[in-house]
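Enquirer: One structure follows; several queries about it will come next.
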Amino acid sequence: MITYIYILLLTCFLCLYRMAVGPTPPDRTVAMDILGTILVGFCALMTVITDQDWYLNIAISWALLSFVGTLAVAKFIEGRGLHE
């Protein structure tokens with residue numbers, strides 16, 4: 001199980017690198033979305049390791065917030081308002 005945590009941490013750092021260096025805003029948006037997905041996977045892994053279900057509640061909440069945040073950033077990059 002510890003190997004999976006190391007893999008998730010490595011991919012987190014790669015996503016953070018892409019968010020910092022990404023040549024275009026869509027690249028940064030995709031990296032932000034992938035980082036949210038990785039954090040949901042980390043919470044799911046912690047649920048399995050610790051056998052505590054509140055990590056799964058955090059994972060579900062984070063997935064919903066990540067989805068809404070990605071939609072908002074994509075609309076902002078496109079130049080449209082949130083009401084459109």
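Enquirer: Which residues does a label at L65 reach in segment 35-56, if reach means a backbone N under 16 Å from a point 7 Å past the Cα toward the Cβ?
Expert: Counting only backbone N, you get 35-44, 54-56.
Enquirer: Further, regarding this structure: If each DSSP helix of 4+ residues adds -39,500 (n - 2.57) and the sum is divided by the residues in the chain, what number results at 222 nm, nearest 500 deg cm²/dmol? All intermediate terms of the calculation are to be shown ahead of the outcome.
Expert: Numbers: 3 runs with 71 residues, N = 84.
Value at 222 nm, helices only: -30000 deg cm²/dmol.
Enquirer: Additional query: Could you size up the charge dipole of the chain around its Cα centre, putting +1 on the beta carbon of Lys and Arg and -1 on that of Asp and Glu, and report it in debye to the nearest 20? Intermediate results must be reported in sequence, preceding the final value.
Expert: On the way: 4 positive and 6 negative charges, 47 e Å.
Using Cβ point charges on Lys, Arg, Asp and Glu, the chain gives about 220 debye.
Enquirer: Whole-Hz Karplus ³J(HN,Hα) for segment 13-18, in order, using 6.51 cos²θ - 1.76 cosθ + 1.60 and θ = phi - 60°, x for Gly and Pro?
Expert: My calculation for segment 13-18 gives 5, 5, 5, 5, 5, 5 Hz in order.
Enquirer: Using only alpha carbon positions, build the gyration tensor of segment 2-78, then give the equivalent ellipsoid semi-axes as the square roots of 5 times its eigenvalues, largest first, whole angstrom.
Expert: Values for segment 2-78, descending: 25, 16, 5 Å.
Enquirer: With a 10 Å Cβ neighbour count serving as the proxy for reagent exposure, in which order, fewest first, do C15, C43 appear?
Expert: Details: C15 22, C43 19.
By the 10 Å Cβ count, ascending, the order reads C43, C15.
No lab work stands behind these numbers, since they all come straight from the coordinates. It should be emphasised that the depicted structure is a prediction, and the values quoted were computed from it without experimental measurement. Heads up, the Cβs are rebuilt from the backbone with ideal geometry, glycines too, and the neighbour counts pull from every protein chain shown.
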